[in-house]
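The values are calculated or read from the model by the stated rules, or taken from the named source; none is laboratory data. Values in this document were obtained by computation on a predicted structure and should not be read as measured data. Using ideal geometry, Cβ is built from the backbone for each residue, glycine included, and neighbour counts are taken over all protein chains shown.
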Amino acid sequence: MYRFLLTPRWWGINVFVVLAIPFCIFMGSWQLGRFEDRVQDHETATTRQESGRREAARPLTELLPVDKATVGKQATVTGRYDDQFLVPERKLDDRTGFYVLTLLRTDGGEALPVVRGWLPGEPDPARAPAPPAGQVTVTGSLQAAESPGSNGVSGRSGWPDGQTGSISAATLLNLVPYDVYDAWVTLNEGDSGMRAVPVSAPQNTGLDLKAFQNLGYTAEWFAFVGFVIFMWFRLLRRELELARDAELGLAPEDEQPDERRDGQNGESGGSGDKADGAKAGLVS
């Protein structure tokens with residue numbers, strides 16, 4: 001009854017199942033590992049940020065370039081405030097507002113973007129407090145440059161004068177005539193009554209959309225394993241039912257199992273040859 005498993009059709013089905021199941025398990029495990037890595041990175045980044053706030057501030061140059069180990073560290077730098085920009089579409093406590101970003105020109109000539117605080121509502125230069133005059137020393141949490149379209153950063157372009165969508169050297173170099181550090185600092189206390197901007201986790205370390213996409217892909221791959229097994233048993237059951245019906249003479253010819261159908265085709269082919277031979281004899 002199970003001889004149909006040796007037919008070419010079922011050889012193909014069985015080979016597909018044998019290869020598909022381990023492949024799906026491997027891909028599901030890999031996606032799950034990616035999700036777990038992101039969770040671990042998120043926990044590590046959070047721990048580093050908390051410990052970084054308790055550490056003594058260090059000169060900015062000692063913490064550059066910014067990486068996962070230095071994000072959230074306390075940095076201190078001295079200079080003079082220069083150009084000021086507004087960063088719209090930034091949320092704080094589920095309220096939409098804007099950052100007040102001022103470039104701090106250092107003695108070396110480069111400028112450090114400093115987020116002095118957050119204000120609710122639409123960006124309005126008249127509401128943004130002017131920066132302190134003269135030489136100042138600022139202390140705040142070091143942050144990595146932002147990339148448009150990630151971590152809640154707007155990916156749109158064409159901002160009005162005095163505004164920027166992301167905080168990065170690549171963006172700000174198009175707006176000012178001097179060099180800019182590829183990093184920024186958020187003050188520990190908001191300036192001039194503004195709310196301080198909390199430290200954000202570095203990119204690809206938070207429980208963001210990408211992390212939950214990995215979790216969704218994990219479920220899809222393991223669900224496909226179950227679907228392959230289910231379909232294999234369903235085909236097997238159908239073939240067995242057809243074999244039983246064929247033994248009882250109940251199955252239509254076009255629904256008979258593979259080995260029975262092949263046998264009948266062979267027999268019908270032989271009968272046809274005999275009939276052709278008989279016809280040839282009569283003609284001669």
Does THR102 meet the test of being surrounded by fewer than 22 Cβ atoms within 10 Å (Cβ to Cβ), of a type in the set (Ser, Thr, Tyr) and assigned by TED's automatic domain parsing to the domain that holds ASP191?
no
Conditions (1) more than 18 Å from TRP184 (Cβ to Cβ); (2) touching a residue at least 12 places away in the same chain (Cβ under 8 Å); (3) surrounded by 12 or more Cβ atoms within 10 Å (Cβ to Cβ) -> SER141 fails only (1)
Members of segment 80-128 that are acidic (Asp, Glu) and assigned to a loop (DSSP other than H, G, I, E, B)
ASP93, ASP94, ASP107, GLU110, GLU122, ASP124
Residue check: is TRP118 closer than 22 Å to GLY72 by Cβ and either outside the structural domain of VAL100 (by TED's automatic domain parsing) or aromatic (Phe, Trp, Tyr) (or both)?
yes
Filter result (closer than 20 Å to ALA57 by Cα and surrounded by fewer than 22 Cβ atoms within 10 Å (Cβ to Cβ)) within segment 118-138
GLN135, VAL136, THR137
Just to be sure I understand, how many residues within segment 24-79 are surrounded by fewer than 13 Cβ atoms within 10 Å (Cβ to Cβ), modelled with pLDDT of 85 or more, over 22 Å from the mean Cα position of the chain (by Cα) and part of a helix (DSSP H, G or I)?
2
Considering PHE227, PHE233, which residue is more than 30 Å from the chain's Cα centre (by Cα) and at pLDDT 90 or above?
PHE233
Kindly establish whether ARG127 is of a type outside the set (Gly, Ala, Ser) and at pLDDT below 90.
no
